[in-house]
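For reference, the structure discussed in these notes is given below.
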Amino acid sequence: MADTVGDHVVRRLREWGVEQVFAYPGDGINGIVVAFGGSEDRPRFIQSRHEEMSAFEAVGYAKFSGRVGVCLATSGPGAIHLLNGLYDAKLDHVPVVAVVGQTHRSAMGGAYQQEVDLQSLLKDVAGDYLVEVNVPEQLPNAIDRAFRTASTRRAPTVVIIPADVQEQPYTPPAHASSTCRRARRGRPVRRRSRTRRRSPRPRRSSTPGTGWRSWSGRGRVAPPWRWSRSRTSSARAWRRRCWARTCCRTSCPSSPGRSVCSAPARAMS
């Protein structure tokens, strides 16, 4: 049997490291409650007395553990009962993610039983992130952003999932795969090398006394990879490279404008 949206919600919570979910069952979240039955208590479904206590339990868990607390409630009055706990999380800067059910999409706007405009109800307390999932492909991004926003901004976030969406089969979208299209077709993926290209080496001058041709085109200066780390070793290296019959007029890179070779002229062999 294919996984439903409710199964994927439970699996996504498990991947985020959620250990327990504080909730109270209801008609608007039957698809998610059924998915908890086959999750082998990972995460655990902790039933409270009512939805308001579920929100306060999630806030207390987040305060004492330092992790994101998760609460679950049905639509209508269940979502209204979450307000006290979510406002406590907002004023105390506690990360809490609330998953709320909603009536069937086909019944919205028809004065259906326990239908409440959740967007208007929760836009103040969950102003940092509030989203309603209308298609199964929207679910992974919605849950991930809810957890990231709650943990980084230390605020409550809400994800609204209609009851009929929870029972739909879930197929992962094409862009959710970590491999590219060429790799999925069976072709090897060629990755670019991260090695830095080396600048071209300058040519040695054939004229005696001119030394190395400048790699930058400005004066006769040795290339950077031939410079020494200290001034003393650099000066000695330049004296050894002095080919001129008279005093070397080449400037040292460590002290521009000064002649480093003061040895008398030597006859070329």
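A short reminder: the numbers here are calculations on the coordinates, not readings from a lab. A quick note: this is a predicted structure, and the numbers were derived from the prediction, not measured. In this analysis, Cβ positions are derived from the backbone assuming ideal geometry, glycine residues included, and neighbour counts consider all displayed protein chains.
Got at least one residue in region 79-90 being under 25 Å from the mean Cα position of the chain (by Cα) and touching a residue at least 12 places away in the same chain (Cβ under 8 Å)? Within region 79-90, one or more residues are under 25 Å from the mean Cα position of the chain (by Cα) and touching a residue at least 12 places away in the same chain (Cβ under 8 Å).
Return the residue satisfying two criteria in turn: it lies in region 35-59 and is farther than 17 Å from H8 by Cα, of a type outside the set (A, V, I, L, M) and in contact with a strand residue (DSSP E or B) (Cβ under 8 Å, 6 or more places away or on another chain), and of such residues it is surrounded by the fewest Cβ atoms within 10 Å (Cβ to Cβ). Give the derivation first.
Initial filter on region 35-59 (farther than 17 Å from H8 by Cα): 46-59.
Subset that is of a type outside the set (A, V, I, L, M): 47-52, 54, 56-57.
Those still in the list that are in contact with a strand residue (DSSP E or B) (Cβ under 8 Å, 6 or more places away or on another chain) too: 47-48, 51, 54, 57.
On the way: Q47: 13, S48: 17, E51: 27, S54: 27, E57: 20.
Filtering first and then ranking leaves Q47.
Residues that are over 21 Å from V18 (Cβ atoms) and either without any contact (Cβ under 8 Å) to a residue 24 or more places away in the chain or not in a strand (DSSP E or B) (or both) do occur in region 52-75.
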